[in-house]
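Beneath this line is the structure, given in structure tokens, with notes to follow.
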Amino acid sequence: MNNLPPTTLDGDKRPVVNSVAVDPRSLDDPHIAACLDYWTEAKGDVFAPRWVDFHLHQLPARVLPYVLVLDVDGDPPEFTYRFWGSGHTPYHRRDYTGKTLTDMADAWSRDLLTQQYTAVLEARRPLVFLNSYEGMEEPLRSLRMPLSDDGRTVTHIFTFADRRGVTDALKALFSPDVTTDPD
């Protein structure tokens, strides 16, 4: 897994300039490492841990606001947000807990995430996506890891999408919250 070649998924999507999948161990990031270490311990000898064996409270408190957990159902897969960390709401401008990925307001984000979640389904291993956005100097890192309730298929996806040091430039890329009354 350390030799995973970079994979460009969406170089023609705007405002995403590029998204490259890399092996999580190739990065020097203590938060990604903590999530990956916990995932590895929880999975034991199977390809991915079960959701019931993956306890979010055992992760560092610093990562929890930036965690997402999705249920994966059907063929083609439908992704439903089981857990939406509060740190994502200021950027997406809404809480998607209990909502599907197809409910996401911004088509560019929905398309990017569909590609990334599908890549995790196919790879059946943790991947980090380095997402480069217009107007942002450094790519954002999004760790995505499979979970499996049956030991054969990916039934959930765990995500830690680091937003430390992100400015309002990212927030400006998302649609305004249509549920907020301007008065």
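The values are calculated or read from the model by the stated rules, or taken from the named source; none is laboratory data. From a predicted model like this one, the values you see are computed outputs, not experimental measurements. No Cβ is skipped: glycine too gets one built from the backbone with ideal geometry, and neighbour counts run over all protein chains shown.
Screening residue 130 on (1) surrounded by fewer than 16 Cβ atoms within 10 Å (Cβ to Cβ); (2) out of contact with any helix residue (DSSP H, G or I) (no Cβ under 9 Å at 6 or more places or on another chain); (3) modelled with pLDDT under 95; (4) not polar (S, T, N, Q) shows it passes everything except condition (1).
Go through the residues of the range 60-68 one by one and say whether even a single one is at pLDDT below 85, over 25 Å from residue 148 (Cβ atoms) and touching a Ser or Thr at 6+ places or on another chain (Cβ under 8 Å). So far as the range 60-68 goes, no, none of its residues is at pLDDT below 85, over 25 Å from residue 148 (Cβ atoms) and touching a Ser or Thr at 6+ places or on another chain (Cβ under 8 Å). Residue 183 fulfils the conditions (1) at pLDDT below 80; (2) surrounded by fewer than 19 Cβ atoms within 10 Å (Cβ to Cβ); (3) of a type outside the set (A, V, I, L, M, F, W, C); (4) closer than 27 Å to residue 34 by Cβ except for a single criterion, (4). Taking the range 114-159 as the range and being over 21 Å from residue 80 (Cβ atoms) and among the acidic types (Asp, Glu) as the test, the residues that pass are 134, 137, 138. Taking residues in the range 51-72 that are hydroxyl-bearing (Ser, Thr, Tyr), and partners anywhere that are modelled with pLDDT of 95 or more, the pairs with Cβ atoms closer than 8 Å and at least 6 places apart or on different chains are 66/160.
Under the condition of being touching a residue at least 60 places away in the same chain (Cβ under 8 Å), over 15 Å from the mean Cα position of the chain (by Cα) and not in a helix (DSSP H, G or I), the residues counted in the range 86-134 number 6.
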